[in-house]
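The values are calculated or read from the model by the stated rules, or taken from the named source; none is laboratory data. Keep in mind it's a predicted model, so treat the numbers as computed, not measured. Cβ atoms come from the backbone with ideal geometry, glycine included; neighbour counts cover every protein chain shown. Only protein heavy atoms, including side chains, enter the accessible area calculation; ligands, DNA and RNA are left aside. Shrake-Rupley method; radii C 1.70, N 1.55, O 1.52, S 1.80 Å.
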Amino acid sequence: ILLIVVKAFEMDIIPANRIVAQIGETLILTCNTTGCASPSFSWRTQMDNPLGGTVSNHRTYSTLTMNPVSVVNSHDYLCTVFCGEKEKKEKSIKVELYSFPSDPIIEISLSLVAGEPVTVVCKIPDVYPSDHLEVLLKKEEHVLHEENFYEDECTNTETKIVTYSFNPTAEDIGKEITCVAKLPIANMDFEPKERVTSLKLNANFGPQNTIITASPGNSPMEGDPLKLTCMTESNPPPQIVWRKHLADESIQHLIENNVLSIPHARFTDSGLYICEVINLVTNKTEKATVDIVIQGAPNIAELSIEPSTTVQEGENVSVRCSAESNPPPNIILRRKSDSADMGPYSEGRILLLPSVTFLNGGDYECVAENKFGKSKSEITLNVEFPPQNITVLVYPSENVKEGENVTITCSTYSNPPSQMVLKKVHQEKEIILPSVNGTFILYNVTKNDTGRYLLDVFNEVGNNIKVIEIAVVGRLEKPDQMIPLIIAFSCVTAIAVPVVAILIYVSRKAKINGSYSLVKALRLKV
């Protein structure tokens with residue numbers, strides 16, 4: 001026995017009964033049959049409104065495609081299936097619509113200024129149904145504003161806008177403004193039902209409350225590092241320029257940075273510093289100043305002699321000493337060889353030496369002192385003068401006999417050291433005679449050596465000429481040779497003692513003045 005099971009004619013709709021669809025998306029409804037070889041399908045809305053979609057029939061099923069879904073698709077859809085002429089079945093499905101496609105959009109003016117009202121705009125795009133929409137505006141966790149649209153009579157998607165104004169403060173900069181949009185519809189299953197957008201508040205303000213801090217302080221020690229920091233409140237970050245007031249009232253441009261660093265502070269770094277802060281967006285400028293005083297032991301900045309360290313007798317001379325320090329130093333100018341100080345002088349004062357003599361020459365010392373220490377510096381004054389106090393000795397005398405030796409010596413003091421030249425005037429001509437270590441010796445004189453001799457003593461500053469008259473008489477007789485010898489020896493002894501005494505005196509005088517010497521005369525043959 002062959003049993004044939006015949007299935008009963010059935011139908012169903014997928015999805016069944018009810019569906020929640022988002023406007024703008026694609027929705028496909030499917031009507032399936034079983035137990036019918038050649039079914040026929042028809043789709044309609046409960047109120048016979050337009051389908052708002054495309055029907056596609058297949059052998060055992062039919063589809064209704066809505067692409068995209070719009071508000072016209074918010075109906076009960078009825079699918080009717082005929083199997084032959086007698087059998088008919090139908091089922092309905094309810095299409096419920098919503099639209100909540102994207103996160104809110106927050107708009108805040110780009111050029112906010114602290115203290116002035118700012119309006120935050122929150123836009124919720126393409127909402128449906130808007131009569132369920134709830135919106136919160138928050139600053140961080142603080143609720144600024146709450147708004148709902150329960151009274152809306154919505155018929156299509158709409159972009160809803162919520163606005164709120166408040167006065168931002170400097171503390172608000174960088175905080176998040178959040179817009180929370182909720183679409184809670186009962187018995188409608190869709191996600192998300194809440195959308196959130198945040199935006200940091202970026203208000204433009206300032207500069208304001210600008211100050212300068214100095215590390216380690218406003219009065220650091222010389223040589224220590226110094227750091228000046230300019231702090232301000234400004235958004236966007238400002239342009240910062242450092243300047244310094246100079247002694248001549250001019251302004252020196254330093255750097256463009258909020259930190260001014262001086263690795264080793266000097267006295268010249270003292271002064272009034274200016275930090276200028278410029279906000280190019282708000283077009284506002286603010287300045288702060290700090291007075292810096294560098295402390296420390298004195299530094300001698302200048303020790304000089306005018307018109308020069310080497311002068312000639314009779315010139316007017318000034319010794320100048322200046323020192324820098326804080327607190328200001330006491331300055332003493334003196335000559336080192338003097339027994340007492342020449343007197344205290346303030347910074348920049350001058351020690352005047354009118355019409356100097358060789359006694360004013362020597363080393364001068366500047367001593368600058370304050371509570372932090374002492375500083376010294378030296379400079380030498382060299383006073384030049386021509387030969388002075390010239391003493392000429394002729395031995396044995398200016399009147400001698402033939403055959404004797406005549407020695408001519410000369411002593412003087414001068415600066416720079418003198419040179420000596422002995423000249424004989426002979427028939428309108430000058431004959432230069434040789435010398436040995438500044439001593440001139442005429443050996444075995446004859447009557448031809450009789451005459452006038454000129455001793456020229458000179459240096460770069462001036463000269464002095466001494467005239468010597470020498471007379472040579474007849475020869476000595478042999479029997480009498482012992483007597484002149486004894487007399488000559490006695491004269492040499494007698495003359496040598498005062499000569500040595502004079503030389504010692506002159507030497508001492510020269511030492512006081514720092515310069516004296518006898519130099520060799522020009523050694524030219526007659």
Q: Consider E151 carefully, then state whether it is assigned to a loop (DSSP other than H, G, I, E, B) and over 34 Å from the mean Cα position of the chain (by Cα).
A: yes
**Q.** Count of the range 146-175 residues which are open to solvent by 50 Å² or more (accessible area, probe 1.4 Å) and either in contact with a helix residue (DSSP H, G or I) (Cβ under 6 Å, 6 or more places away or on another chain) or not hydrophobic (A, V, I, L, M, F, W, C) (or both)
**A.** 17
Q.
Here is a check on your reading of the model: is K139 farther than 19 Å from S99 by Cβ and in contact (Cβ under 8 Å) with a residue 60 or more places away in the chain?
A. yes
Q: From the list L260, L246, pick out the single residue that is at pLDDT 85 or above, under 30 Å from F372 (Cβ atoms), of a type outside the set (D, E) and not assigned by the TED database to the domain that holds F166.
A: L260
Q: Please work out which one of (1) surrounded by 15 or more Cβ atoms within 10 Å (Cβ to Cβ); (2) under 30 Å from A170 (Cα atoms); (3) of a type outside the set (G, A, S) is the condition K89 fails and give its number.
A: (2)
Q.
I'd like to check something: does the range 241-254 contain any residue that is in contact with a His (Cβ under 9 Å, 6 or more places away or on another chain), polar (S, T, N, Q), in a strand (DSSP E or B) and free of Cβ contacts under 8 Å to residues at least 40 places away in the same chain?
A. yes
(Q) Against the condition closer than 30 Å to I28 by Cβ and assigned to a loop (DSSP other than H, G, I, E, B), how does S92 come out, does it pass? (A) no
Q.
List the strands (runs of 3 or more DSSP E) inside the range 263-377, counting only whole elements, that have at least 1 residues being open to solvent by 80 Å² or more (accessible area, probe 1.4 Å) and free of Cβ contacts under 8 Å to residues at least 60 places away in the same chain.
A. 296-306, 330-335, 350-353
Q. Which one of these is in contact with a helix residue (DSSP H, G or I) (Cβ under 9 Å, 6 or more places away or on another chain) and assigned to a strand (DSSP E or B): L97, L64, L78?
A. L97
